[in-house]
Ligand SMILES: Nc1ncnc2c1ncn2[C@@H]1O[C@H](COP(=O)(O)OP(=O)(O)OP(=O)(O)O)[C@@H](O)[C@H]1O
Ligand SMILES: Nc1ncnc2c1ncn2[C@@H]1O[C@H](COP(=O)(O)OP(=O)(O)O)[C@@H](O)[C@H]1O
Ligand SMILES: [Mg+2]
Ligand SMILES: [Mg+2]
């Protein structure tokens, strides 16, 4: 019938079998580049180690020859040369790896959002959006830190240990090489052991800082309530507690870093090899240069190992986060969309039927119960009911934001569940109760459903929604920015933009959630005109408190606690439903109407 | 929410470093003994690490001279001893500093939070809650980085001097070669703090944009779904994500230069030492051991120098954070208890506005991405905010004690502003607000809040149970009292139907409740507090007429004979009030009863008539 936007058929990016696989996918994303980065890493470990050996050789030459020889000069030149080679190679390697790391972060973030976005609203109800945000930003950044610097440094360190033990073997003997190797393995084991002790505290620290941030943000958002309810002191005490808890955890963590056991292993290893080499030299088994070389090598290795404990923690955090992210990405919908093999032909201008519809927000209570009714083609329907009676929920079902828990909704006899959601949403549009606008230009918000809309179309929609009335007062008209960095709009203004947005979507079935808005009478009058424009010639379902809409409706549905307690036209309900009578009498100025009708 | 942590935002600093350090010292002085201990331990640490390579030198020289077994053993033991000493002293420093740092941040954080809770509402309305939170959580933490810089700088300085001393004592040449480290460090620091900073800022603000968009698209997910625009939101994120990646690459290119450059320089320095050592050795001026010592020491000299110059950058960031925190710590709220404030003497609750003029202070936008840019011009529309526009202009009216008064007028007329002045969220620019003849500025805020309560236009709920929320203003209320109030306003019916009844957990400002339900809870919350003066600012706008009538009944029963101010657009909400005040564009234009005002045939009549016109009564009635 008409095309709206791009057809989006759900997430089509890669998927992973577990959190670990998600993390390890780093290795399979750009294999050749990664191989290059790793090769350069090995080479640069080699060049980083070389000077330690060369200094020993140079001094040996000096000692033996007793003067500066050309060979001595050659060795010095070799030191500078290996420095230069190190410079080039390690820069290339590092830079390649860094780009890999950042592209990993970028890709994961994109996949995360794309995946999360396609989850049904049940998911978004269950998950706090600010938590999802901090996962998408901070935790994914931490995943990247797991590959860069952590994995890189760990790999680099392993290569260094191997190269250096081999070099120790070459400059001394196999025993010292074995001892050095065992020493470093021991260091690693101790470091991992230590990391295991710290990990739970780290996790707790991260949680506490999360709680602290959330609590304080909540207080500042609701500061008017906090102060005027005289709860300041209470909240200050509560914050103090959280802060102290955090501070104690921080103290524990900090103290664990003191008396760091793995360093003792290194310390003993160095002293041991130092002593051992000294004895061997004094017994004439090794040259003096061996002392210089062994110590030089050990110092080089110590320098590269210094960061290892930190890197283990980063790697661990990355894996934990990866699992959490993976869980969110692979959330299993308790009410999965049915698989639709063939899109049926549908007459969207036909009758709409609710057949035994029950619905629950996955919380053990039915928000809608046993709804049975038919809306004839083209009707104007009004829905009324108290707070929480299920009016907005009913509209959400019609947009297929949720599927009924039981029963079905049919359009021209075709069950909704046989229609893919994006098809439903091409034909059904809603003006929501609490209007959500995106930050950006007003015109982009109006053309949200139809990005290809021309300026004329946007303008027409704005005029029809009675929104031009205030837009033309704004400094840049339709191009005015709204949202965080733009102008603030009042409730009535926002609502009219939402109407303009719906007008451009040009739906067959229009849903208006306008139950009781805080508008002054002038705005309300404009709004009514806008709504009249919008609802012309199409099936319209309106949640309303407006007397006039009720009286004019072809069908009124009265909801109470999720059930229909009365249904019919205004005249019929006035006669048959005492509930409706009660409500009608209380409606603004119905007495006037009744009196007016009588007189 | 560390999205806008302002690591590099030192350009806006307003205080001198010395002044800021004094502030820090005020907090640090509590730990002065710990600090002294740390300084003392640092001396030992420096001695240990400096002396260790000297032992190696001695060992090499002794070996060349065919040392005895015993001297070697002694040297090895000594070497090990120094290593252990270094480890122990460093560990002790870490241990002590762990307490100092964490306790200090806790003190700072709590004080900052407390100050912010009591800060002026004008402050809160100008700055996003996320940014305020960042002051409390991130900036205070940033200050410890500075503290760390302090202690590590001391250690680094000591080590650098000791190392330089050793080098010069071996040979002037070695000393001079090692000084190469200084220009190297300076070049690297300059690059980092100029170009690096610019690129860092770009990365940060770009990340900020990703985060902002992500936040928005997550909250607007149902809209994207409703209009089939998932592809679009996804590509918006992709675009920003790619942009950030490009900035990251630029930053990465620069940062990855640093480490290889340092290594290159240190290798050149080692080569120079070995070369000049060779020359000196020929002349018998140095030993082989000393040359070795020289190579170790030049390399070592580089790292404290680099650390020191790097610390200067960190310290800058830390001082900037301290500056922002100091702003808060030393701020004096404009609205607060005056020194001779007395508790309010309640005498019936007559409220009076005398010649009140008021304007909200300039709304400055705290630039979130640090890149700032020109703050957006605010529109002049009905809700637009422009500098110092007078929102109330010489408003005077009385709210009689024990009576119900209605305040009506178009959006933006200033109704909510009046309620904010009544609660002394702000003080009027001129004129005064009186309760029972006492100026609000002369009474304590506590007594004011005990007397006056507001149900505000925007229902705000806290994370917690429904019960906690209703009880928020009176934590000592019994369960029965809560049930009673809820049933009086007609909220019990839906609360009982919630999954866990009164114990249902509310998340994210009550996302799982309907709009009307949220409003009902705020009404119950305020009514439970049982104030002597009640203000309802469009408190029933999200309720249907039937529920509204229940609330009105409850209000009649509970607040009969108490001063009540009601703001509403629906005229049905205010049909039984004793007095009506009509506001228009910041002025109180008409005051009187319905009949009196109708007789005036002015603004009220106009409002009244549009109201019926839009209800379409005539149209229907004439059908
Ligand atoms: N996202 C959600 N998760 C869980 N429960 C929900 C959610 N949204 C609504 N509910 C519950 O479903 C019921 C119906 O809510 P709905 O929003 O449809 O009410 P409504 O009739 O539109 O009310 P109002 O007039 O206040 O807008 C309520 O009990 C509400 O608490
Ligand atoms: N916190 C604020 N900062 C700056 N301007 C404000 C603030 N709150 C309201 N205003 C402005 O003050 C004027 C009166 O607003 P308000 O008192 O909320 O009106 P009403 O409640 O009658 O709709 C409006 O122009 C509004 O934009
Ligand atoms: Mg609703
Ligand atoms: Mg208001």
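Every read-out reported here was derived from the displayed coordinates using simple, explicitly stated rules and does not represent laboratory data. This one's a predicted model, so the numbers in the text were calculated from it and none came from an experiment. We place every Cβ from the backbone using ideal geometry, glycine too, and count neighbours over all the protein chains shown.
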Using only the alpha-carbon atoms, how far is helix B:32-64 inclined from the longest principal axis of chain B? Give it as 0 to 90 degrees, nearest 10. 30
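Which order do A:55, A:80 fall in if you start with the one that has the fewest other Cβ atoms within 10 Å? Mind showing how you got there, number by number?
Working: A:55 27, A:80 18.
If I rank by nearby Cβ atoms, fewest first, I get A:80, A:55.
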Which parts of the range B:253-284 would a label at residue A:74 reach, counting a residue when its backbone N lies under 18 Å from a point 7 Å out along Cα-to-Cβ? B:275
Any chance you could check the Cα centroid distance between the range B:341-359 and the range B:517-578 for me, in angstrom? 22
Tell me the Rg and the Dmax, in Å, that the Cα atoms of the range B:399-615 produce. 17.8, 54
Taking R0 as 22 Å, what FRET efficiency do you get between residue B:64 and residue B:283 from their Cβ-Cβ distance, rounded to the nearest 0.05? 0.80
Distance in nm between residue B:610 and residue A:554 label points, each 7 Å along Cα→Cβ, equals 3.3
Shape call for the range B:461-501, from the Cα gyration tensor axes a ≥ b ≥ c (a/c under 1.5 means rounded, otherwise prolate when a/b beats b/c, else oblate), comes out oblate
Paramagnetic label zone (point 7 Å from Cα along Cα-to-C-beta, residue A:372; backbone N under 18 Å) in the range A:319-361: A:352-359
Tell me the relative contact order for the range A:19-329 as a rounded percent, counting alpha carbon contacts under 8 Å between residues six or more apart. 34
Helix B:515-529 versus the longest principal axis of chain B: what is the Cα-based angle in degrees, 0 to 90, to the nearest 10? 90
For the range A:173-206 and the range B:161-203, what is the separation of their Cα centres, given in Å? 32
Descending semi-axes in Å of the protein assembly as shown, equivalent ellipsoid built from Cα gyration tensor: 71, 35, 25
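Using a 10 Å cut-off around each Cβ, can you sort B:230, A:214 from fewest to most neighbouring Cβ atoms? Mind dumping the intermediate values first?
On the way: B:230 22, A:214 19.
Fewest-to-most Cβ neighbours within 10 Å comes out as A:214, B:230.
At a Förster radius of 56 Å, what calculated FRET efficiency corresponds to the Cβ-Cβ distance of residue A:18 and residue B:599, to the nearest 0.05?
On the way: r = 78 Å, r/R0 = 1.39.
Efficiency for this residue pair is about 0.10.
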Between residue B:463 and residue A:261, what is the label-point separation in nm under the 7 Å Cα-to-beta-carbon projection? 3.6
Angle between the Cα long axis of helix B:181-191 and the longest principal axis of chain B, 0 to 90 degrees, nearest 10? 30
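Per the helix-only calculation at 222 nm, which mean residue ellipticity applies to chain A, given -39500 (n - 2.57) for every DSSP H run of n ≥ 4 and division by its residues, nearest 500 deg cm²/dmol? If you can, show how the numbers build up before the last one.
Values: 25 runs with 369 residues, N = 599.
Calculated at 222 nm, the ellipticity per residue is -20000 deg cm²/dmol.
Give the relative contact order (percent, whole number) for the range B:399-615; include only Cα pairs under 8 Å separated by 6+ residues.
Numbers: 313 pairs, mean separation 70.4, N = 217.
Value for the range B:399-615: 32 percent.
Can you sort B:142, A:253 from fewest to most other Cβ atoms within 10 Å of each residue's own Cβ?
Values: B:142 23, A:253 17.
Least crowded to most crowded, the residues run A:253, B:142.
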Label residue B:36 and residue A:569 with points 7 Å out from Cα along Cα→Cβ: what is the distance between them in nm? 9.5
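To the nearest 0.05, how large is the calculated FRET efficiency for residue A:578 and residue A:347 if R₀ is 30 Å and r is the Cβ-Cβ distance? Please report the intermediate quantities before stating the final value.
Working: r = 38 Å, r/R0 = 1.27.
Plugging the Cβ-Cβ distance into 1/(1 + (r/R0)^6) gives 0.20.
Let me know the shape class of the range A:233-356, please: from the alpha-carbon gyration tensor, a ≥ b ≥ c as square roots of the eigenvalues, rounded when a/c is under 1.5, otherwise prolate if a/b is greater than b/c, or oblate.
Numbers: a/c = 6.89, a/b = 2.26, b/c = 3.05.
It is oblate, given that a/c is not under 1.5 and a/b is not larger than b/c.
Grab the Cα-Cα distance for residue B:14 and residue B:345, subtract it from 0.36 nm times how many residues apart they are, and report the gain in nm with one decimal.
Values: separation 331, 0.36 × 331 = 119.16 nm, distance 4.32 nm.
Taking residue B:14 through residue B:345 to full extension adds about 114.8 nm, to one decimal.
Sum -39500 (n - 2.57) across every DSSP H segment of at least 4 residues in chain B, then divide by the residue count to get the 222 nm mean residue ellipticity, nearest 500. Working shown, then result.
Details: 22 runs with 371 residues, N = 623.
For chain B, the value works out to -20000 deg cm²/dmol.
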Apply the Debye scattering formula to the range A:12-79, with a single equal point scatterer on each alpha-carbon and no solvent, then give log10 I(q)/I(0) at q = 0.12 Å⁻¹. -0.55
Over chain B, what relative contact order in percent results from Cα pairs under 8 Å that are six or more residues apart? 16
